[in-house]
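Notes follow the structure.
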Amino acid sequence: MKLVILGGGGFRVPLVHGALLRDPADRRVTEVVLHDTDGARLDVMRRVLAAQAARDAGAATAPPTVTATTDLDTALAGADFVFSAMRVGGLEGRTADERIALDLGLLGQETTGPGGVGYGLRTVPVALDVAERVRRLAPDAWVINFTNPAGLVTQAMQSVLGARVVGICDSPLGLAKRAAGALGHDLDDLEIDYAGLNHLGWLAGLRHDGRDLLPDLLADDVALGAIEEGQLFGTEWLRTLGALPNEYLFYYYFTRDAIAQITGAPQTRGEYLVGQQADFYARVTAEPEQAWQRWDSVRRDRNATYMQETRETDDGHTQERAEADVEGGGYEGVALALMAAIARDEPARLILNVRNGGAVVGLPDDAVVEVPCRVDAAGPVPVTVSPLPGHALGLVQQVKAVDELVIRAAVEQSRSLAVQAFALHPLVDSVTVARELLTAYSARLPEHYAGLR
C-alpha cells in the first residue's frame, strides 16, 4: 500500500512514520513517498526517518520503504492514500498571519480569525491543484487532510474529489479523552456527542449505557479543574456553557485576553518556530548522526510550548502542560485508524471533518463539519449529535459563511470576496480594517495575493 505525504519535509512527519512502524504487519503501509517543494528539508527528514527506522530494527517486519521527490505528479501516481500536510507560504506565511492582524489590533493566530482567512486564501488554490492531480493520477486514493485551516481546505478539495477527502485534527479526540479520563472511563466505552467546525466545536455529552456522564464532570470542581479545559476556560464558565469547548474557542471567549498575552510575549509562536526550525534543519544537515536525537528534543519543546498564550496565569506565569499532553501527538493515530478502517474494513469511531449531510442542524448538507463518525471500508458516516444551542450555532454559521467566501475568493481570484471574508469574520471588527488586512497581505506576500483582482 502506497502512502504519499505532501509536506514531507515538515517537522511532524516522523510522528506519522513512527505510527506506521508500530502498525501491525498485516496492514502495514509498504511504501511511503515524501513530497515537498524544498529538497533540502526532504533530505533532512529522510535522515530522521532512517534513524527512526534503525531504532526499530529488531521488529519482526521490515519498515516501509521511504523515498522523496520534489515532483508532485511522480509522488501522487498510483497512491492509495495521500496525507496532505502542506504549509503554503511556509513559516514566513505563518508569521504574516500572526503579525499582520496583531499590528491592526486584532487576534493574530494562524487558523483562527483573520490569520485563518489569510492562510486559507493562499492555500485553497494549491489544495485544488493537488485535488485535480489526485483525480487524474490516483483516482481511487483517499485524501486525509491535515492542512490548515483543515475544515475549509477539506471542503475545497471535496468540490473536486467528493467524500474521498476527509479532514482530521487531534484536538476534539484529545478533549474527549481528557474528559473521559477525569470521569474514570476509557473513551472507547463512551459515546461522544461533539459538534461544530474544525477548531470551533463543543463536547456536549459523553454517554455510557445511555446515560450522559458529562454533567457529573461539570459538577465536580476538583475533576473539572484538573483538566486542561478547566484551567483554560475556568470551571464557572464551563458550567455556564454546559459543555466543554475545543481549546481554540479560547480565542473567541477571551479575545482581549489572548491578544494581550500574545502581544506581551517577546515573539509570536510563528516567529519562535522560524528560529527553532532553522536551527534544527541546519544542525541535522551538519551532524546527520544526531538526526533522531535532535528531532526528539525539539519535538518535546515544541509540544510543551503549544498554545502557550492560553496557559498564562494572573501573576504572569505559564502553567505547565500535563505530561500526557506533552508526550501525546495524537493526529497521526487518528490518521492511521482512519486509514485502517477504510483499507482493512476495521470499524472505528473517530471525530472527523466530513460532509454534513444533515448531521449538524442549521448548516448546509455540503458544508464540512467536525463530528463523530463511524468508519469502515465505505468511508466515514456522521453519527447523530445534539443540536447546537443558539449562541454556538450562530457562531458556527458565521464562520462557515466566511469559509465559503474564502473558497470563492480563492477560486475566482476576487479581491472583493476576500475583503468580505475578512470583514464578516466575527474576530474582525471593521470593514476598513478588513481592507487594510488584505492590503498588508498583498504587500508582505505578493506571490500569493497579487493575483486577486
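The values are calculated or read from the model by the stated rules, or taken from the named source; none is laboratory data. Owing to the predicted nature of the structure, the values given are computational and were not obtained by experimental measurement. Quick reminder, even Gly has a Cβ in these numbers, built from the backbone with ideal geometry, and neighbours come from all protein chains shown. Accessible surface is based on the protein model in full, side chains and every heavy atom, while ligands, DNA and RNA are left aside. Shrake-Rupley method; radii C 1.70, N 1.55, O 1.52, S 1.80 Å.
Convex hull over the Cα atoms of the stretch 8-54, averaged projected area in nm²?
Working: hull surface 12.6 nm².
Over every viewing direction, the Cα hull of the stretch 8-54 projects on average to 3.2 nm².
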What's the center-to-center distance, using Cα atoms, between the stretch 46-125 and the stretch 393-453 in Å? 23
Quote the relative contact order of the stretch 101-162 in percent (integer), defining contacts as alpha-carbon pairs under 8 Å separated by 6+ residues. 32
Once all protein chains are kept in place, SER416 shows an accessible area at probe 1.4 Å, nearest 10 Å², of 70
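Defining a contact as two alpha carbons under 8 Å apart and six or more residues distant in sequence, what relative contact order in percent does the stretch 1-107 show?
Numbers: 145 pairs, mean separation 40.0, N = 107.
RCO, the stretch 1-107: 37 percent.
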What ³J(HN,Hα) values, in whole Hz, does the Karplus curve 6.51 cos²θ - 1.76 cosθ + 1.60 give for the stretch 201-207 when θ = phi - 60°, with x put for Gly and Pro? x, 9, 8, 9, x, 9, 9
What spacing in nm lies between the two simple spin-label points modelled at GLU271 and SER159, each 7 Å away from Cα in the Cβ direction? 3.5
Separation of the ASP189 and ASP296 label points, Cα + 7 Å toward Cβ, nm: 3.3
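Below 8 Å, C-alpha to C-alpha, sequence gap of six or more: please give me the relative contact order for the stretch 126-204 in percent.
Values: 75 pairs, mean separation 19.4, N = 79.
Here the relative contact order equals 25 percent.
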Could you rank HIS391, HIS185 by how accessible they are, 1.4 Å probe, largest area first? HIS391, HIS185
Rounded accessible area of PHE233 (nearest 10 Å², 1.4 Å probe): 10
Rounded to the nearest whole Å², what accessible area per residue is found for the stretch 400-453 with the 1.4 Å probe? 46
Ignoring ligands and nucleic acids, what accessible area does PHE81 show with a 1.4 Å probe (Å², nearest 10)? 10
If amide hydrogens are placed 1.01 Å from N in the peptide plane, which non-local residues have theirs closer than 5 Å to the one on LEU203? LEU244, ASN246
Multiply the residue separation of ASN303 and GLU346 by 0.36 nm, subtract the distance between their alpha-carbon atoms, and state the gained length in nm to one decimal. 12.4 nm
Report in % the part of the accessible area of the chain that belongs to carbon and sulfur, leaving out ligands and nucleic acids; probe 1.4 Å. 49
Measuring with a 1.4 Å probe in the full set of protein chains, what accessible area per residue, in whole Å², belongs to the stretch 1-157? 33
Answer with a single label: of [x] 1.00; [y] 0.97; [z] 0.94, which was calculated as Rg/Rh (Cα atoms, Kirkwood Rh) from the structure in view? [z]
